[in-house]
Amino acid sequence: MNILNYISGKFVEPESGEWLEDLSPATGEKIALIPKSNHHDINKAVDAARKALPAWSSLTNLDRASWLNKIADKLESKYEEIAELESKDTGKPISLAREVDAYRSVKNFRFFAEMIRDIGVEKYEMEDATNRVIYKPVGVGALITPWNLPLYLLSWKVAPAIGMGNTVVCKPSEMTPLTADLLMKTIDEIGLPKGVVNLVHGDGIGAGSPLVSHQDVSLVSFTGGTSTGSIVAKSASSSFKKLSLELGGKNSSIIFDDCDLENTVKGVVRSGFLNQGQVCLCGSRILVQEDIYDEFIDKFIIEVEAMKIGDPSDENTNLGALISPEHLSKVEEYIEIAKSEGGTILTGGYPSLSEKYKNGNWISPTVIADLDVDSRCSTEEIFGPVVTIHKFSTENEAIDIANNTRYGLAGSIWTSDLEKGNRVAESIHTGMIWINTWLHRDLRVPFGGVKDSGVGREGGKWSLSFFSEAMNICTKNK
Ligand code: NDP
């Protein structure tokens, strides 16, 4: 199967005639060939987006919202196909691909259709003048997404970007092209005007980099690792492009001794290992108050070891494979670092799977105790099924440990004292915190991080604001 670029309403081969392999994380087998695109393909895609901009941006919000709903309807009719492709391409369990990826991809389009339809008139009256604020498109947007939640994150950008009247060029991760291709086929089937959405496959250096630096790109929305984000920021800032960066995280789950232990253990297992720990929001540092430390660990390990790891297409599977051999090596390296830093591996190793999976990227969920809170494993992003557990005694100590990383994305607090939960939450340097829950998403709230976890916010009105330019028109009326 060859996947093609989608430029100006046509599926086209890469100018270079070169291709990259898309491999199955579970088996190592080749799934597809994808274009190894370069700046020639990017130039064509940006040109197509630029030409489509005047007509698309002159539509009303209602017209564009109706296009978003058409995309949502068509995607919804492919719900099972989205889940199957996502599970195959990322190695994640099919049940997760259905509940999270397929569900949110459809919902993102519906949600932003509604928000855009509801944009009202914004006026500020003065004694002698009226100010009107209007929201104009920014121009051509570059949308760059990672491999962990491929269509979920792509749709989270495409919907508000085109909804606000921009046209876009997308660059998904080279490791997970399948659902990005499905979205382009969907857009083609509903007859979205050509050039409004373009997609160029390829690697970061060959395709991502020329897209970010292209002179006709006015906006860059990037989700990915912090070091790549820094390269993207440098390139985008030299030509003053509007920039949003959603980057890495090292999130703490803070567990107080007055928590509901049973629910907390379940919630913290989910937050530690969902999608094999490959979610930027995952709680990979678990801070437990001293009185319940031993009891928590006993219960936690039982739940972790009860998770079923293996065949991603099996409905009962809880954990699948890691994205790539390189990523598996990185995770293994961190486990070795933990050992050398004095950590105790409470559970981990490798699952025993059938011959079919011998070339896949498999590792069991790993829990590490006895590490210093300054150790590399407890402060650096591993982005895999590895958590570290630490003991604390006071509220202030928990806050200090939680804030002791370069990241500031998210976290969770588990307590029956909601006043304390909220007090602690306000002292944590992150963009988001959940109390007695995790990854409980309302799409209207701001999403994003502080420190090295990113710049800017997406979600609800923050996405609409990022994907538009506010303009004030002041009319003197006396
Ligand atoms: P990367 O930073 O490696 O890649 C992200 C995207 O950027 C990919 O499409 C990649 O292409 C592309 N890219 C790579 N180099 C460049 C470049 N020089 N210029 C432009 N684009 C480039 O991240 P991963 O894909 O490995 O994703 C994992 C990371 O994403 C983790 O750190 C995770 O925390 C973060 N993340 C953050 C989220 C958030 O909302 N804060 C959500 C999800 C993930 P290619 O891969 O094809 O080379």
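On the basis of being hydrophobic (A, V, I, L, M, F, W, C), touching a strand residue (DSSP E or B) at 6+ places or on another chain (Cβ under 9 Å), within 20 Å of residue 58 (Cα to Cα) and assigned by TED's automatic domain parsing to the domain that holds residue 80, does residue 187 make the cut? Can you show your working first?
Details: hydrophobic (A, V, I, L, M, F, W, C): yes; touching a strand residue (DSSP E or B) at 6+ places or on another chain (Cβ under 9 Å): yes; within 20 Å of residue 58 (Cα to Cα): yes; assigned by TED's automatic domain parsing to the domain that holds residue 80: yes.
Here the answer is yes, as residue 187 does meet what is asked.
Which of the numbered conditions does residue 397 fail, given that it passes all the others? Conditions: (1) in a loop (DSSP other than H, G, I, E, B); (2) free of Cβ contacts under 8 Å to residues at least 24 places away in the same chain; (3) surrounded by 14 or more Cβ atoms within 10 Å (Cβ to Cβ).
(1)
If I ask for residues that are within 9 Å of the ligand (Cβ to nearest atom) and under 15 Å from the mean Cα position of the chain (by Cα), which ones from the stretch 131-151 would you list?
144, 145, 146, 147, 148, 149
I'd like the full set of residues that are of a type in the set (Ser, Thr, Tyr) and assigned to a helix (DSSP H, G or I), limited to the stretch 422-472.
Of the residues in the stretch 422-472, the ones of a type in the set (Ser, Thr, Tyr) are 427, 430, 437, 453, 463, 465, 468.
Matches in the stretch 422-472: 427, 463, 465.
Would you call residue 422 free of Cβ contacts under 8 Å to residues at least 24 places away in the same chain, closer than 16 Å to residue 290 by Cα, of a type outside the set (Asp, Glu) and assigned by TED's automatic domain parsing to the domain that holds residue 257?
no
Consider only pairs whose beta carbons are under 7 Å apart and that are at least six residues apart or on different chains; among these, list those whose first residue lies in the stretch 12-38 and is over 19 Å from residue 48 (Cα atoms) and whose second residue is part of a strand (DSSP E or B) and of a type in the set (Asp, Glu).
30/21; 31/22; 32/22; 33/21; 34/22
Being small (Gly, Ala, Ser), more than 23 Å from residue 88 (Cα to Cα), at pLDDT 95 or above and part of a loop (DSSP other than H, G, I, E, B) is true for just one of 342, 384, 360. Which residue is that? Before the answer, list the steps.
Details: 384 fails: more than 23 Å from residue 88 (Cα to Cα); 360 fails: more than 23 Å from residue 88 (Cα to Cα).
Step by step, each of 342, 384, 360 is checked, and only 342 is small (Gly, Ala, Ser), more than 23 Å from residue 88 (Cα to Cα), at pLDDT 95 or above and part of a loop (DSSP other than H, G, I, E, B).
Assuming residue 341 fulfils every condition listed in (1) touching a residue at least 24 places away in the same chain (Cβ under 8 Å); (2) within 23 Å of residue 270 (Cβ to Cβ) apart from one, which condition is it?
All conditions pass for residue 341, except number (2).
Would you list the helices (runs of 4 or more DSSP H) that sit entirely within the stretch 1-111 and hold 2 or more residues that are within 22 Å of the chain's Cα centre (by Cα) and buried (at least 16 other Cβ atoms within 10 Å of the Cβ)?
Answer list for the stretch 1-111: 61-76, 79-90.
Here's the yes/no breakdown for (1) closer than 25 Å to residue 369 by Cα; (2) over 22 Å from the mean Cα position of the chain (by Cα); (3) loosely packed, with under 15 Cβ neighbours inside 10 Å:
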site	(1), (2), (3)
299	yes, yes, no
308	yes, yes, yes
314	no, yes, yes
319	yes, no, no
324	no, no, no
328	yes, no, no
332	yes, yes, no
340	yes, yes, yes
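Give the residues of the stretch 362-411 that are of a type in the set (Val, Ile, Thr) and either under 19 Å from residue 323 (Cβ atoms) or out of contact with any Leu (no Cβ under 6 Å at 6 or more places or on another chain) (or both), sorted by residue number.
Answer for the stretch 362-411, where residues must be of a type in the set (Val, Ile, Thr) and either under 19 Å from residue 323 (Cβ atoms) or out of contact with any Leu (no Cβ under 6 Å at 6 or more places or on another chain) (or both): 363, 366, 368, 373, 379, 382, 386, 387, 389, 394, 399, 405.
Just one of (1) more than 16 Å from the ligand (Cβ to nearest atom); (2) assigned to a helix (DSSP H, G or I) trips up residue 254, so point out which.
(2)
Among (1) touching a residue at least 60 places away in the same chain (Cβ under 8 Å); (2) assigned to a helix (DSSP H, G or I); (3) basic (Lys, Arg), which single condition is residue 391 missing?
Here residue 391 clears every test but (2).
State the number of residues belonging to the stretch 258-293 that are in a strand (DSSP E or B) and away from the ligand (no atom under 16 Å from the Cβ).
4
Return the residue satisfying two criteria in turn: it lies in the stretch 206-247 and is assigned to a helix (DSSP H, G or I), under 11 Å from residue 143 (Cα atoms) and hydrophobic (A, V, I, L, M, F, W, C), and of such residues it is farthest from the ligand (Cβ to nearest atom).
Out of the qualifying residues, it is 211.
Name the residues in the stretch 112-169 that are surrounded by fewer than 19 Cβ atoms within 10 Å (Cβ to Cβ) and in a helix (DSSP H, G or I), would you?
Just the residues of the stretch 112-169 that are surrounded by fewer than 19 Cβ atoms within 10 Å (Cβ to Cβ), to begin with: 114, 117-136.
Of everything in the stretch 112-169, those that are surrounded by fewer than 19 Cβ atoms within 10 Å (Cβ to Cβ) and in a helix (DSSP H, G or I) turn out to be 114, 117.
Would a scan of the stretch 455-470 turn up a residue that is under 19 Å from residue 283 (Cβ atoms) and charged (D, E, K, R)?
No, the stretch 455-470 contains no residue that is under 19 Å from residue 283 (Cβ atoms) and charged (D, E, K, R).
Working only within the stretch 157-176, note down all residues that are near the ligand (Cβ under 9 Å from one of its atoms) and not acidic (Asp, Glu).
So in the stretch 157-176, the residues near the ligand (Cβ under 9 Å from one of its atoms) come out as 171-176.
Answer for the stretch 157-176, where residues must be near the ligand (Cβ under 9 Å from one of its atoms) and not acidic (Asp, Glu): 171, 172, 173, 175, 176.
Looking at the stretch 188-205, which of its residues are buried (at least 17 other Cβ atoms within 10 Å of the Cβ) and either over 17 Å from residue 165 (Cα atoms) or within 16 Å of the ligand (Cβ to nearest atom) (or both)?
Applying the first criterion (buried (at least 17 other Cβ atoms within 10 Å of the Cβ)) to the stretch 188-205 yields 192, 194-204.
Correct list: 198, 199, 200, 201, 202, 203, 204.
The values are calculated or read from the model by the stated rules, or taken from the named source; none is laboratory data. Since we're looking at a predicted model, the values are computed, not measured. Because the Cβ atoms are built from the backbone with ideal geometry, glycine has one as well, and the counts that use them run over all protein chains shown.
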